[in-house]
Structures are given as structure tokens and as C-alpha cells.
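I have placed the structure first, in the form of C-alpha cells, so that the comments after it can refer back to it.
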Amino acid sequence: MIGLYPGSFDPITLGHEDIINRAVKICNKLVVAVSQDNQKSAFLSSEQRINLIKSIYKNYTNIEVISYQGLTTEFAKKIDADFIIKGLRNPSDFVVESQMAQLNKVLLDEVETIFLDSSDQLRSISSSFVKQIYHLDGDISQFVSAKTLKLLSELK
Ligand code: PNS
């Protein structure tokens, strides 16, 4: 079974890593897909995000990291994904993600969305808040892994 975990990952946080680490156990191959079409303005380039995620998961033979443009459902079709994985942190995520899952199901009926509930201690972490804390010179070491911290420190 091929799982597709799409997102902006700008930057990847410990919350994303938690979902990846758990999702990889329920599929034979997990494709972590970095969308280039998000509405939010990008902090890291798509190449930086891809290279960072690749370096974090370099020892995993069953995790592939790819960037894509366009609809997630079209990309799911292209890679022959069996399901789309999404993490749910809170009720606000649920509202948005369930709407997206329903629309994606209309666009591509054969691919189900599977939601993984965020681990409690990671529920509050979001890329947006990590970026805000980073730009205001706060300590983000509790929210991202060592490789992400290193890259962001080098960019300052
Ligand atoms: O990490 P994010 O920003 O929550 O990821 C959102 C993402 C990229 C998965 C979502 O915006 C997406 O699927 N974008 C691709 C365009 C698309 O398929 N839009 C239709 C959604 S119903």
C-alpha cells in the first residue's frame, strides 16, 4: 500500500515528523509530498524543504520525498497512492481537513483520506508559529528536529 502525506512543510516540524513516523508503519511506502501550490507565502524554497526532509529520513528506504504542483488528487493518481494521510491537531484542523477530504474524494473516489490524531504534546505546533517565533528570535528547539534547527540557524 502506498500512502501519500502532502503538505507545505515550511518548515517541517516535530508535529509533521510524528505523523510521518506513525504513517510509515501503516503502509509499504510513504511519499512525503511538498506542495508548491500553497496559498501561504513560502519561507523556505521548495528545494530547501525537500532537501531538509530527505536528510531527516535518509535512512528510511520506504520513505520518498517529492515536490509536486497542482492538485493533490492528480499527484495521488500519478504515484498510484492508495490513501492520503493527514494529521489532525485540533477542531479547526478537523473543519478544514474534513472539507478537503470530502472534495478530494469527489475528485478521486478510489483514494481515501486517513486521519492520524496528533500526539498530545505536539498539538500546538504549527509551521506558522514556528516561523513567527524564529523571526522574533525565540527558541524553536522544542518544536523542530536538530536538522531543521541547524538549517534555520544557518539562514539567520
Ligand atoms: O501543510 P498544509 O499547508 O496544511 O498543506 C495543505 C495542502 C498542500 C496539502 C493542500 O493545500 C493541498 O492539497 N494543496 C494542493 C492543491 C489541491 O489539491 N487543492 C484542492 C484541495 S480540496
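Out of (1) touching a residue at least 12 places away in the same chain (Cβ under 8 Å); (2) within 14 Å of the ligand (Cβ to nearest atom); (3) not in a helix (DSSP H, G or I), the odd one out for Ser41 is which? Here Ser41 clears every test but (1).
State yes or no: is Ser98 surrounded by fewer than 16 Cβ atoms within 10 Å (Cβ to Cβ), within 15 Å of the ligand (Cβ to nearest atom), of a type in the set (S, T, N, Q) and under 15 Å from the mean Cα position of the chain (by Cα)? So Ser98 fails the test.
What residue, of Ser92, Ser67, Ser141, is in a helix (DSSP H, G or I) and modelled with pLDDT of 95 or more? First the steps, then the outcome.
Values: Ser67 fails: in a helix (DSSP H, G or I); Ser141 fails: in a helix (DSSP H, G or I).
Going through Ser92, Ser67, Ser141 in turn, just one is in a helix (DSSP H, G or I) and modelled with pLDDT of 95 or more: Ser92.
Residues of segment 109-117 include at least one that is farther than 19 Å from Cys27 by Cα and at pLDDT 95 or above.
Can you find, within segment 5-38, the residue that is nearest to the ligand (Cβ to nearest atom) among those that are within 11 Å of the chain's Cα centre (by Cα) and acidic (Asp, Glu)? Across segment 5-38, the extreme among qualifying residues is Asp10. From the list Ala81, Ala23, Ala76, the one residue that fits, being within 18 Å of Thr113 (Cα to Cα), in contact (Cβ under 8 Å) with a residue 12 or more places away in the chain and in a loop (DSSP other than H, G, I, E, B), is Ala81. Check segment 119-141 and report whether any residue there is of a type in the set (A, V, I, L, M, F, W, C) and touching an Asp or Glu at 6+ places or on another chain (Cβ under 7 Å). There is at least one residue in segment 119-141 that is of a type in the set (A, V, I, L, M, F, W, C) and touching an Asp or Glu at 6+ places or on another chain (Cβ under 7 Å).
The values are calculated or read from the model by the stated rules, or taken from the named source; none is laboratory data. Just so it is clear, the structure is predicted and the values come from calculations on it, not from any experiment. Every residue, glycine among them, receives a Cβ derived from its backbone with ideal geometry; neighbour counts consider all protein chains shown.
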